[in-house]
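Undergrad: One structure follows; several queries about it will come next.
Just so it is clear, none of the values below were taken in a lab; they were calculated from the coordinates. Keep in mind the model is a prediction, meaning the values are calculated, not measured.
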Amino acid sequence: MFAALRSLPHDILEAARVDSSTARQIVWRIYLPLLRPVIGTALILRIIMSFKLFDIIYVLTAGGPGVITENLAYFAYIQGFRHYNLGYACALSILQLIAVSALARLLIGLTQRSRFSSVRAMRDRP
């Protein structure tokens with residue numbers, strides 16, 4: 001995110017300052033539309049990382065106290081290897097794959113749409 005922020009074109013930011021834009025306008029109308037693909041990519045990676053968070057839960061808390069720190073991956077592990085419900089564990093894993101794929105596709109779609117709309121907005125400006 002920092003590298004993308006540093007690589008923004010300076011002439012657009014300078015033009016906004018010359019046009020006496022406020023800091024809030026510069027952030028909302030210049031920084032965020034230009035950084036939206038990077039934000040989307042970072043968000044997709046973080047969502048995928050949160051779904052595969054198994055080892056930390058297993059080592060630190062083993063899902064406890066009770067079932068407070070269980071996630072879908074740990075619950076599938078419990079069902080498959082402790083209760084020997086392998087079909088149920090496989091179905092949970094496939095459900096997790098579908099959920100991650102759907103969220104990633106949704107975020108990619110939002111990122112792609114916003115990139116083309118910001119390019120169109122820049123092109124249509126007088």
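Undergrad: Can you give me the C-alpha center-to-center distance between the stretch 37-54 and the stretch 57-83, rounded to a whole angstrom?
TA: 21 Å
Undergrad: Given the C-alpha atoms of the chain, compute the convex hull and give its volume per residue in Å³.
TA: Details: hull volume 15.7 nm³, N = 126.
Once divided by residue count, the hull of the chain is 124 Å³.
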